[in-house]
Structures are given as structure tokens and as C-alpha cells.
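The values are calculated or read from the model by the stated rules, or taken from the named source; none is laboratory data. Everything numeric in this text was worked out from a predicted model, so none of it was measured. Neighbour counts are summed over all protein chains in view; Cβ atoms, including those assigned to glycine, are modelled from backbone coordinates with ideal geometry.
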């Protein structure tokens, strides 16, 4: 990884003057060009993240980049992993204290742009998700990956109707259930994109082994979310009891061109989902759902905490052996 160094070349008078101009009259491309010339060792993606964190203010971004911290650029290495110093290093505020008056931090995404997040703390603060890196012991994670790769050889591509057309999913998948009794029930009851599942199997040995670990970790994250984000109590319509995983839906992506997109609202209101990523680092993209009748011309009449940039997309980078928890406020508010 390239490192962020505190010694930088002195900006030329022209560049120094340019950064002090009225930022509102400069496009993002111009601002990035200015910052790139001042900080050639910092990649564009990181510069954009810090610029957005400071509302497009070039001078404030320059001051933040002077912080004596080590910055890792988020470019892929040979293992396919990528990393990024937390946005907290650039004065993005956060709070670890429980508070009944918790307010979601200022939205850092911008409509039409993608904000990339790598650090679990940033992900927890700016999305309805939390991430645990290196979730399983390395040998156990690798064994599970190899087992599922063998299983994936017989996975099928789901088909579903979109208007009057039959569409094939751009990935293969399979549903796993804990027992034969559950299997028979779910085979007739589980629906995916409007179609009943036909390929339903019992949990593999390694999936059965990690089941208890996932249950314990997800319930721990739920308790932490309630403490830090929900004012100490569960959301309305959130399941009152502990989270118990009763099925595992395994998706396999054969290359970067494969993906999937769905809203799992049919799991019930305020559903919590645990997602374990194995293999190559993948991007999990979410965005806030805006009302279908939203009219940008009426922003002034909306509540003071409304932010039209909520529609901006956020990309969460999930490396091998990372557990993503999609919390109870995820499915109804994000896509």
C-alpha cells in the first residue's frame, strides 16, 4: 500500500489562490484537480471521500489532509483485499456513547456519486449495517469457502418474471435449511422474486458449524445497535425475541460481471440479516430510498433534517471472511 506522508511540496501561488476561490463556483472535477496537484501520493477516491466529508470545501479538506496520520490508499493488492483509513481521521465526528437522542450523522454521499466505505466504524455510523472483519478463524473460513465452492458447481440460476419477460438472475444460488422438517416446509413456502424455490438443501457440515457463531455475533451487534442508535429499545415491529438463523441463502458470483439486487421485505417487517462474505472482496452497494412522489423543487417545505443527497449510493467493501449485519432499519429504508 502507498503511504500518506506528512512532508508535501509547497503549493505554488496559483494553486494556493485557486483553493481560496469561492468553492460553490468550482466543479468537483476542478476541486479534485487542485487537491491532486497538492497531494499527488493520495489517490482520487480518497481525496473525493475527504472532500465530500467537508462539504466540498477545498481549504477545509487541505487542513484535514495535514493530519499526521497514516493513510492507506484503497487500491487492490494481489490478494484482492483493499483498505482505507477511517474517515474519522479527517474530522468526521462520531460517538461511542449510548444516547436516546441519537441522530444519524450528516450524510456523506452525494446524489449521482458513490461513497466507498471500508472501516467498520464508518459503516456503522453512516449505514444501517455493521461489519465484523476476520470473523472466523482463518482455517475455518477457508474450509467453508472450499466446501461451498464444491456445492456451487450444482447451483442454478433463478428465473423470474419482470413485466411480461422471463429474466434469468446474473448469479447462481441455493437455499440451505437446518433440518429435513424445515426443508419440506420451506420448499413450498419460500419465495424468491415471485417464484417458489425448487433447489432447497439441508445445511452442509461447515455451515452447521458456523451457525452458532453467526447467531451469537449478530445478536451482539443487534444489542449494540439498540444501545447506540435506537435509544435503548427495539424499533417498532422489530422481532421481540433473539435473532435465530433458520436458513442460509448462498449466492455465488463467477466473476465481477455477476451480481444480484433485491429487497428482502418479504422476510417480514424490520428483518435482520447476517451475510458472510468468502473469497474475493466484493462491493455491497446501498442507497436510501426516497419517496416515489419526491419533488426536488419542494425541498424547502420538507423537514429541516431532510437531505436530498440521501439518494447517493454507498459502497461497502467486504473482504474475505467478513460478516455484514443488515439491521432492522435496513430493508424498509435502503435499496
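If I filter the range 265-277 down to residues being under 23 Å from residue 115 (Cα atoms) and either modelled with pLDDT under 70 or touching a helix residue (DSSP H, G or I) at 6+ places or on another chain (Cβ under 9 Å) (or both), which single residue comes out as surrounded by the most Cβ atoms within 10 Å (Cβ to Cβ)? Within the range 265-277, the match that is surrounded by the most Cβ atoms within 10 Å (Cβ to Cβ) is 276.
Residues in the range 102-156 that are surrounded by fewer than 21 Cβ atoms within 10 Å (Cβ to Cβ), in a strand (DSSP E or B) and at pLDDT 95 or above: 132 alone.
Any residue at all in the range 280-302 that's farther than 24 Å from residue 52 by Cα and modelled with pLDDT of 90 or more? Checked the range 280-302: at least one residue is farther than 24 Å from residue 52 by Cα and modelled with pLDDT of 90 or more. Among the conditions (1) modelled with pLDDT of 95 or more; (2) part of a loop (DSSP other than H, G, I, E, B); (3) surrounded by 14 or more Cβ atoms within 10 Å (Cβ to Cβ), the only one that residue 239 does not satisfy is (1).
Can we say residue 72 is modelled with pLDDT under 75, closer than 16 Å to residue 116 by Cα and crowded, with 20+ Cβ neighbours inside 10 Å? Before the answer, list the steps.
Details: modelled with pLDDT under 75: yes; closer than 16 Å to residue 116 by Cα: yes; crowded, with 20+ Cβ neighbours inside 10 Å: no.
It is false that residue 72 is modelled with pLDDT under 75, closer than 16 Å to residue 116 by Cα and crowded, with 20+ Cβ neighbours inside 10 Å.
Summed over the range 310-335, the residues that are touching a helix residue (DSSP H, G or I) at 6+ places or on another chain (Cβ under 9 Å) and modelled with pLDDT under 60 give a count of 0. Just one of the numbered conditions (1) modelled with pLDDT under 85; (2) touching a helix residue (DSSP H, G or I) at 6+ places or on another chain (Cβ under 7 Å) is not true of residue 210: (1). For residue 248, the test of being part of a strand (DSSP E or B) and surrounded by 15 or more Cβ atoms within 10 Å (Cβ to Cβ) is passed. I'd like to know if the range 224-231 contains one or more residues that are in the same structural domain as residue 177 (by TED's automatic domain parsing), surrounded by 14 or more Cβ atoms within 10 Å (Cβ to Cβ), touching a helix residue (DSSP H, G or I) at 6+ places or on another chain (Cβ under 7 Å) and in a loop (DSSP other than H, G, I, E, B). Taking every residue of the range 224-231 in turn, none turns out to be in the same structural domain as residue 177 (by TED's automatic domain parsing), surrounded by 14 or more Cβ atoms within 10 Å (Cβ to Cβ), touching a helix residue (DSSP H, G or I) at 6+ places or on another chain (Cβ under 7 Å) and in a loop (DSSP other than H, G, I, E, B). In this structure, does residue 93 turn out to be modelled with pLDDT of 80 or more, in a loop (DSSP other than H, G, I, E, B), over 17 Å from the mean Cα position of the chain (by Cα) and surrounded by fewer than 14 Cβ atoms within 10 Å (Cβ to Cβ)? Against the criterion (modelled with pLDDT of 80 or more, in a loop (DSSP other than H, G, I, E, B), over 17 Å from the mean Cα position of the chain (by Cα) and surrounded by fewer than 14 Cβ atoms within 10 Å (Cβ to Cβ)), residue 93 does not qualify.
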